[in-house]
Amino acid sequence: MIIMMVLMVTFWGGIIALIIWAIARFMRGGSAGGNGEKRRPLDVAKDRYARGEITKKQYEQLKKDLP
């Protein structure tokens, strides 16, 4: 009897967790940007430069290379 109760709670907990996950994914658009819009490559390069992931020289080269 106790085992059945534990299994039922586990089952419904999993269903609720799945619903919450699906709603959260839908609300953020399922994209890395979070707003559903596609980011331009130059915007990504600007962000990387701002975070210090690339040098100024690398950023300038990307500006020349990207459309």
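Here are the numbers:
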quantity: Residues of region 47-63 classified as aliphatic (A, V, I, L, M) and part of a loop (DSSP other than H, G, I, E, B), total; calculated: 1
quantity: Number of the condition not met by residue 45 [criteria: (1) surrounded by fewer than 11 Cβ atoms within 10 Å (Cβ to Cβ); (2) touching a helix residue (DSSP H, G or I) at 6+ places or on another chain (Cβ under 8 Å); (3) at pLDDT 90 or above]; calculated: (1)
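The values are calculated or read from the model by the stated rules, or taken from the named source; none is laboratory data. What you see is a predicted model; the values in this text were computed from it and never measured. Cβ atoms come from the backbone with ideal geometry, glycine included; neighbour counts cover every protein chain shown.
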